[in-house]
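Participant: Submitted below is the structure of interest, expressed as structure tokens.
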Amino acid sequence: MSAAQNPPTENHLKSSENWYTSWFDTPYYHILYKDRNYREAQVFMDNLTHYLNLPEKAKVLDLACGKGRHSIYLNQLGFNVLGADLSENSIAEATKNTNETLHFKVHDMREPFEEKFDAIFNLFTSFGYFENDEDNLTTLKAIKESLSEYGFAVIDFMNVAQVLETLVPEETKTVEGIEFHIKRYLKDGHIYKEIDFEDKGQKFHFTEKVKALTLKDFEELMEEAGIYLLDIFGDYKLKKFHKTDSERLIMIFK
């Protein structure tokens, strides 16, 4: 389903067959999600890098890095970080923070990198957005190919069972004076979020759509990709994963 708004006008974004290339590139995406808990995210990265026992100055890839907030924090922890994202606008913003050990590039996660990394992080449900399910397998293979011999990868995904149990079908959020009307539902194995709002006299409509992948789905994909699933956690403090009530599905693999 496309997230292109209608009717198109000159200040609308280029329409795209893939909803995420337009929605993630809008300022509205960042307005709606600006209150995300970044302290919690930092605690997660502290715990994760400690658990993985990454060497000093390890090469870390932050895959689907957005505007680079987590890449910047990982760099502050002493790692050599590359942040990669499909959104040109996000990367343009992130690049303002570049230094000798922190870089950013526009990149499609379905493509492997030429360089190899000691750790690859795909955080905060940045997986499962593709129209074609085959692309999920392609992405996992690309991650595996981009790891160094002793490298580890981490996918931090929603716990679908818990999300569906607590799904709020409709809500309105007001952020920076904009009223976002949000609807959520499960359809054809995907969790949808319809977002409607008005700004400057103009109506906008976007649809987020993510594949409702369970641990079993990931296990099957990883087996097909020749990946070893090493550990599974259920929250950012790295507590054990429980199928019904864990907040997250965090998978460590190589």
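The values are calculated or read from the model by the stated rules, or taken from the named source; none is laboratory data. These numbers come from a predicted model, not from an experiment. Here the Cβ is made from the backbone with ideal geometry for all residues, glycine too, and neighbour counts use every protein chain on show.
Participant: Are any of the residues in segment 8-24 closer than 19 Å to PHE124 by Cα, surrounded by 16 or more Cβ atoms within 10 Å (Cβ to Cβ), at pLDDT 70 or above and not hydroxyl-bearing (Ser, Thr, Tyr)?
Facilitator: Yes, some residue in segment 8-24 is closer than 19 Å to PHE124 by Cα, surrounded by 16 or more Cβ atoms within 10 Å (Cβ to Cβ), at pLDDT 70 or above and not hydroxyl-bearing (Ser, Thr, Tyr).
Participant: Sticking with this one: For segment 113-129, which residues satisfy the criterion of being in a loop (DSSP other than H, G, I, E, B), surrounded by 18 or more Cβ atoms within 10 Å (Cβ to Cβ) and without any contact (Cβ under 8 Å) to a residue 60 or more places away in the chain?
Facilitator: Once the filter is applied, which keeps residues that are in a loop (DSSP other than H, G, I, E, B), surrounded by 18 or more Cβ atoms within 10 Å (Cβ to Cβ) and without any contact (Cβ under 8 Å) to a residue 60 or more places away in the chain, segment 113-129 yields only PHE113.
Participant: Inside segment 93-105, can you point out the residues that are in a helix (DSSP H, G or I) and either within 24 Å of GLU56 (Cα to Cα) or modelled with pLDDT of 95 or more (or both)?
Facilitator: ALA94, THR95, LYS96, ASN97
Participant: Could you list, in sequence order, all residues of segment 176-203 that are touching a helix residue (DSSP H, G or I) at 6+ places or on another chain (Cβ under 8 Å) and not in a strand (DSSP E or B)?
Facilitator: Listed by number, the list holds a single entry, GLU176.
Participant: Related question: Can you name the residue in segment 144-192 that is basic (Lys, Arg) and under 22 Å from LEU215 (Cβ atoms) and, of all such residues, is surrounded by the most Cβ atoms within 10 Å (Cβ to Cβ)?
Facilitator: Looking at residues that are basic (Lys, Arg) and under 22 Å from LEU215 (Cβ atoms), I get LYS144.
Participant: Looking only at segment 204-239, count how many residues are under 25 Å from TYR185 (Cα atoms) and part of a loop (DSSP other than H, G, I, E, B).
Facilitator: 5
Participant: Moving on. Would you call LYS173 in contact (Cβ under 8 Å) with a residue 12 or more places away in the chain, of a type in the set (D, E, K, R), part of a helix (DSSP H, G or I) and within 23 Å of GLY66 (Cα to Cα)?
Facilitator: No; evaluated as a whole, the condition is false for this residue.
Participant: In segment 64-112, what residues are closer than 21 Å to ARG39 by Cα, surrounded by fewer than 20 Cβ atoms within 10 Å (Cβ to Cβ) and under 15 Å from the mean Cα position of the chain (by Cα)?
Facilitator: Selection gives ARG69 alone.
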